[in-house]
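The values are calculated or read from the model by the stated rules, or taken from the named source; none is laboratory data. Keep in mind that this is a model prediction, so the values were computed, not measured. Glycine also receives a Cβ, built like all others from the backbone with ideal geometry; neighbour counts cover every protein chain displayed.
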Amino acid sequence: MIERIVTLCFRRRGIAWLVFAFVALYGWTSWKQLPVEAYPDIADVTSQVVTQVPGLAVEEVEQQITVPLERALLGTPGLHVLRSKSTFGLSLIVVVFQDGVEGYWSRQRLQERINDVSLPYGAKPGLDAYTSPIGEIYRYTLESKTRNLRELSELQFWTVIPRLKKVAGVVDVANFGGLTTQFMLELDPARLVQYRLTLQQVKDAINANNNNAGGSLMNRGEQAYVIRGVGLIGSLEDMGNVVVTAKGGTPVLVKDLGRLVYGNVERRGILGKDGNPDTLSGITLLLKDANASATLEGVHQAVRDLNENLLPRDVKVVPYLDRTSLIDATMKTVGMTLAEGMLLVTLVLLLFLGSPRAALIVALTIPLALLIAFIFMHHFRIPANLLSLGAIDFGILVDGAVVLVENILRRREQQQDRPLTPADAVAATLQVARPILFGMLVIIAAYFPLFAFQRIEYKLFSPMAYAVGAALLGALVTALALIPGLAYLAFRTPRRIFHNRPLEWLAVRYDAFLSRALGRTRWLAATCAAAVLGIAALGATLGRDFLPYLDEGSLWLQVTMPPGITLDKASAMANELRRVTLEFPEVSYIVTQTGRNDDGTDPWTVSHIEASVGLHPYSTWKSGLTKQELIARLDARYRQMPGYAVGFMQPMIDGVQDKLSGAHSDLVVKVYGDSFDEMRRIAGDVIAALRQVPGAADVSIDQEPPLPNLRIDVDRAATARYGINAADVSDLIYTGIGGAPIGQLYVGEKSYDLSVRFPEGVRNDPDAIAGLMLTAPDGAKVPLAQVASIRTVSGESMITRENARRHVTVKLNARDRDLAGFLKDAQAAIERGVRYDHQRYQIAWGGQFENLERAEARLRVILPMTLAIMFLLLFAEFQNLRQPALVLLVVPLATLGGLAALHLRGMTLNVSSAVGFIALFGVAVLNGVLMIAQINRLRSEEGKALREAVLEGAGSRMRPVLMTATVAALGLTPAMLATGLGSDVQRPLATVVVGGLVTATLLTLVLLPALYHLIETRAEAAARRRAPSEAEALAADTKEPT
């Protein structure tokens, strides 16, 4: 079959060239339409249920909001894990789904269950924007030298955010900082007593005077008029003129009861940037699975429109975290490594073949294979990113073309006295067509384990598997259908033979060495044993991680301050943090987010800071400082500042880690139980044990300690005695103290909350709160202290739960150590140093190691299956069992060089390096197939003896084996040495391939022919022993009976 296809393509090469030209044009069009991103979206399908209930204490939020919602959501189909955080005025439930669950379908299931839950009045749960944990693609501040924060907030809410949300791919824009305007009545408690009014009467009067009415239609002649009564409050003046009651015939107006002000929703967060202590920011969220690069182009256009046309001239949208920078830097790294790899491959081909025409013909495989891959990626919506493009080894792509062109050149060299005929070219092609076909199929099969990964590792590496598989198929088709015709045209006339003197010198010594090695069984056994021992020693001493450090070119700080501090104090501490951070010249900016944002998706208290730290390009740093060294210096400086506990993360990875483990760190230790006091004691012991483990960094409890609460307990007997309802007490607290909105005020298209609350001096004084008056049915005034007990107690600042169980989380990072080794020591330290009741409390680990264990477990299952598939492909080529087994013997021995290279570079075994071993196995098998196929051909077609066939076959395949290995290694050398953004995942993969190909090539050239000779010698001896017995049996069967 393959012979007919190759022959047809050669004879109809003009048509084949036209087809390839069309494919190239289609591939270029596909490339232009490919979405571009820095890293794949590695997050699980996740949704958040957000319920904001301003003023409600933490325990009530958990009891009345979180627990009922959790119970409803626990049975959701496809649910993987359910986490929740209950904090002051906010319930946040994170729902993580299993792999394969469709996003919109999962949100529909959640909404159905949310709708069935009965919650207290005013609690309205809703789903967050449909985005990814890494969906924050564009952050900006709104800046002006002349306008105050309230004016900037108005522009943010009513001009900037609506314009940005019009961009295709933007699902939402979250606000952080600024002031949310309220039209407020600061109610004077003394005036209420004076006019014998209640808070409820004031609220009712305002709401009764804040309505429009429709009077249907009025007909006048042939014209119909709509009757519309307008009674909505439109200003503070309108609100102040509302009549509440009348005393002695004189109306009592709202403005008589207190002070009318432009207030704001009570601030639970504040944002500062560099030297500006109080500004506001917008966080642009990408719709999940949307095209990030196209969306960012739309965002940039919208920002230009805002700055040039829509905003006042003194107001500007100023970005500080733009995903475009990371995408551009990453794609620059990828582009440089690809260009350098292509150049190196072409130079190596020229060096080995000595023919510019041959080198260019082989190099033509690279762009054509890539264009075919782009068609596939476009069709299956695979974005162009670091993994899908950066891990393509041009050397592997040209392996088939190298072998084919080298064989045609060899035929040319053997027939120097006459032109090369089409039949000669076809014959030379068919000699290597089957080995090339099966060798390339084996390389593609080597990538099968990547499709068996799950969750993060699948999302990270499956685009690479698809892209590399498509490129290899493209390279295979190009090598068999296009290259033979081009090589024939280039070399059909006699030409001067190129003599590669170093290669000829090496070939003579290789032949002599191999001749001495054949038949030396002890030498073969010793070599194999030494390789196995080396692999075992290197593998046992190599550290293990899940993934290498994925550098985003910036930092994300998680800062914990003393619990219970005020927003003003927290803001002052944030100012100091920014000042100290800007002392480092490598830092370009710092933006601090103190507390929580407006949409409730970050449930922090004001004792917590999240800080975005921008870094100047690494090339501008002085004295060769690395990012990890900068982190160490920052950490040392922060430790000198009392009251700050700082953890170091990166923006995108921080979001993924939060959804993965529920904490902002690489590892977490979760203590489950019922009593927070006991869980915190256990967590304290865990922290003490972990801090003794080398490499433990940023160790702390994720939840804040208890905070002081002013608790108002209704005295049921007292309320019954005075005839006062508990609802009256709750309303006094919820509205008068808490400032809950009582209605809406509309100004054009804008809407604002109306609120009635007591002055700040009253709200912040326990004695003044105790003296607030309630009205009994007989009109008597009763102080709050007479119907309720008011006391200061300790209450939780945040209650965290996982799968409906409370827990306390200890977060930590492993620094300067491999993950697996650190985890082993940390678990042993906790086992020795922590004592607790195992029946009532449990300790569980979470974080990156879960991914590591899952990936290793999958590899243990899928790698043998992949080797079995390779074996079947090789069996189809060789039609026996011993030769496929011999080829696959080289595969595990080839790991020796890869492990040694990782050791030399101080790297660890991780998923990226494991993918490198997969690629290495494929190239090692390809070279083995080429070697054995040539020896078999010499024995079967030319009738050569075993030893002669081994020596001649190995000698004739030395050049193509060296070429394929060298181009494959040099094709990834730029990736191995790259240091730019996006190179972190490439380096371990490339290091394994480059180092492994050194030993794999030596094994293929020396050990494989020697083992082939040994095995086939014994096979011939066994065949000779069987021949006489089979002849005797045949003679006995044919002997006529007497």
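The residue that is surrounded by the fewest Cβ atoms within 10 Å (Cβ to Cβ), counting only those in the stretch 508-528 that are in a helix (DSSP H, G or I) and either at pLDDT below 75 or touching a Ser or Thr at 6+ places or on another chain (Cβ under 8 Å) (or both), is Arg522. When Leu989, Leu981 are screened for being farther than 20 Å from Leu349 by Cα, of a type in the set (A, V, I, L, M, F, W, C) and at pLDDT below 80, only Leu981 passes.
Among the residues of the stretch 1026-1038, some residue qualifies, meaning at least one is over 19 Å from Leu518 (Cβ atoms), modelled with pLDDT under 75 and among the basic types (Lys, Arg). Any residue at all in the stretch 770-784 that is within 47 Å of the chain's Cα centre (by Cα) and closer than 30 Å to Ser235 by Cα? No, the conditions are met nowhere in the stretch 770-784.
Of the helices (runs of 4 or more DSSP H) contained entirely in the stretch 590-693, those carrying at least 1 residues that are in contact with a helix residue (DSSP H, G or I) (Cβ under 7 Å, 6 or more places away or on another chain) fall at 627-639, 676-690. Regarding the stretch 54-62, can at least one residue be identified that is in the same structural domain as Ala174 (by TED's automatic domain parsing) and on the phi > 0 side of the Ramachandran plot? Yes, the stretch 54-62 has at least one match.
Only strands (runs of 3 or more DSSP E) whose full extent lies in the stretch 194-267 are considered here, and the ones with at least 3 residues that are closer than 30 Å to Asp568 by Cα are 258-264. Taking residues in the stretch 298-319 that are within 20 Å of Leu149 (Cβ to Cβ), and partners anywhere that are among the acidic types (Asp, Glu) and outside any helix (DSSP H, G or I), the pairs with Cβ atoms closer than 7 Å and at least 6 places apart or on different chains are Lys316/Glu143; Val318/Glu143.
Does Thr76 satisfy the condition of being part of a loop (DSSP other than H, G, I, E, B), more than 26 Å from Phe461 (Cβ to Cβ) and of a type in the set (Ser, Thr, Tyr)?
Numbers: part of a loop (DSSP other than H, G, I, E, B): yes; more than 26 Å from Phe461 (Cβ to Cβ): yes; of a type in the set (Ser, Thr, Tyr): yes.
Criteria met by Thr76.
Taking the condition of being surrounded by 14 or more Cβ atoms within 10 Å (Cβ to Cβ) and part of a loop (DSSP other than H, G, I, E, B), how many residues in the stretch 772-799 meet it? Of the residues in the stretch 772-799, 5 are surrounded by 14 or more Cβ atoms within 10 Å (Cβ to Cβ) and part of a loop (DSSP other than H, G, I, E, B).
Return a yes/no flag: does the stretch 35-44 have any residue that is at pLDDT 85 or above and either small (Gly, Ala, Ser) or within 28 Å of the chain's Cα centre (by Cα) (or both).
Residues of the stretch 35-44 at pLDDT 85 or above: none.
Within the stretch 35-44, none of the residues are at pLDDT 85 or above and either small (Gly, Ala, Ser) or within 28 Å of the chain's Cα centre (by Cα) (or both).
Taken over the stretch 117-137, the criterion of being out of contact with any strand residue (DSSP E or B) (no Cβ under 6 Å at 6 or more places or on another chain), buried (at least 21 other Cβ atoms within 10 Å of the Cβ) and among the aliphatic types (A, V, I, L, M) is satisfied by Ile134 alone.
Of all residues in the stretch 562-580, none satisfies being in a loop (DSSP other than H, G, I, E, B), within 23 Å of Tyr320 (Cβ to Cβ) and not assigned by TED's automatic domain parsing to the domain that holds Ala978. Consider Glu70 carefully, then state whether it is in a helix (DSSP H, G or I), within 27 Å of His664 (Cβ to Cβ), at pLDDT below 90 and out of contact with any His (no Cβ under 6 Å at 6 or more places or on another chain). Taking the combined requirement at face value, the residue does not satisfy it.
Each row is one residue, and each column tells you yes or no for (1) at pLDDT 80 or above; (2) over 30 Å from Thr29 (Cβ atoms); (3) not β-branched (Val, Ile, Thr).
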| position | (1), (2), (3) |
| --- | --- |
| Leu360 | yes, no, yes |
| Leu364 | yes, no, yes |
| Ile372 | yes, no, no |
| Asp399 | no, no, yes |
| Leu404 | yes, no, yes |
| Leu409 | no, yes, yes |
| Arg418 | no, yes, yes |
| Ala428 | no, yes, yes |
| Pro449 | no, yes, yes |
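Per the listing Ile408, Ile396, the residue uniquely assigned by TED's automatic domain parsing to the domain that holds Phe875, out of contact with any strand residue (DSSP E or B) (no Cβ under 8 Å at 6 or more places or on another chain) and under 26 Å from Ile375 (Cα atoms) is Ile396.
When you scan the stretch 29-46, do you find a residue that is more than 30 Å from Leu371 (Cα to Cα) and of a type in the set (Val, Ile, Thr), even just one? Within the stretch 29-46, one or more residues are more than 30 Å from Leu371 (Cα to Cα) and of a type in the set (Val, Ile, Thr).
With the requirement that a residue be in a strand (DSSP E or B) and touching an Asp or Glu at 6+ places or on another chain (Cβ under 8 Å), what does the stretch 843-861 give you? Of everything in the stretch 843-861, just one residue is in a strand (DSSP E or B) and touching an Asp or Glu at 6+ places or on another chain (Cβ under 8 Å), namely Gly847.
Residue count for the stretch 640-690 under the criterion of being over 16 Å from Pro705 (Cα atoms) and free of Cβ contacts under 8 Å to residues at least 12 places away in the same chain: the result is 2.
Would you be able to say whether some residue in the stretch 26-36 is within 24 Å of Gly655 (Cα to Cα), not aromatic (Phe, Trp, Tyr) and not in a helix (DSSP H, G or I)? It would help to see each step written out before you state the result.
We begin by selecting, within the stretch 26-36, every residue within 24 Å of Gly655 (Cα to Cα); these are 35-36.
Subset that is not aromatic (Phe, Trp, Tyr): 35-36.
Next cut, not in a helix (DSSP H, G or I) only: 35-36.
There is at least one residue in the stretch 26-36 that is within 24 Å of Gly655 (Cα to Cα), not aromatic (Phe, Trp, Tyr) and not in a helix (DSSP H, G or I).
Here Ser144, Ser132, Ser153 are screened, and the one residue that is modelled with pLDDT under 85 and under 36 Å from the mean Cα position of the chain (by Cα) is Ser132.
Against the list (1) exposed (fewer than 15 other Cβ atoms within 10 Å of the Cβ); (2) modelled with pLDDT under 85; (3) assigned to a loop (DSSP other than H, G, I, E, B), the condition Arg840 fails is (2).
Does at least one position in the stretch 151-174 carry a residue that is among the β-branched types (Val, Ile, Thr), closer than 16 Å to Gly282 by Cα and in a loop (DSSP other than H, G, I, E, B)? Please lay out each step first, then the result.
Taking the stretch 151-174 first, the residues among the β-branched types (Val, Ile, Thr) are 159-161, 167, 170-171, 173.
Now narrow it down to the ones that are closer than 16 Å to Gly282 by Cα: 159-161, 167, 170-171, 173.
Now narrow it down to the ones that are in a loop (DSSP other than H, G, I, E, B): 167.
Yes, that holds for at least one residue.
Residues satisfying the criterion are present in the stretch 283-306 (criterion: surrounded by 18 or more Cβ atoms within 10 Å (Cβ to Cβ), under 18 Å from Lys165 (Cβ atoms) and of a type in the set (Lys, Arg)).
For Ile392, the conditions (1) surrounded by 24 or more Cβ atoms within 10 Å (Cβ to Cβ); (2) at pLDDT 80 or above are fulfilled apart from (2). Checking each residue in the stretch 806-829 for being surrounded by fewer than 20 Cβ atoms within 10 Å (Cβ to Cβ) and either part of a helix (DSSP H, G or I) or assigned by TED's automatic domain parsing to the domain that holds Thr87 (or both) picks out Gly821, Lys824, Asp825, Gln827, Ala828, Ala829.
All of Arg139, Arg109 fail the test of being modelled with pLDDT of 90 or more, over 16 Å from Ser47 (Cα atoms) and of a type in the set (D, E, K, R), apart from Arg139.
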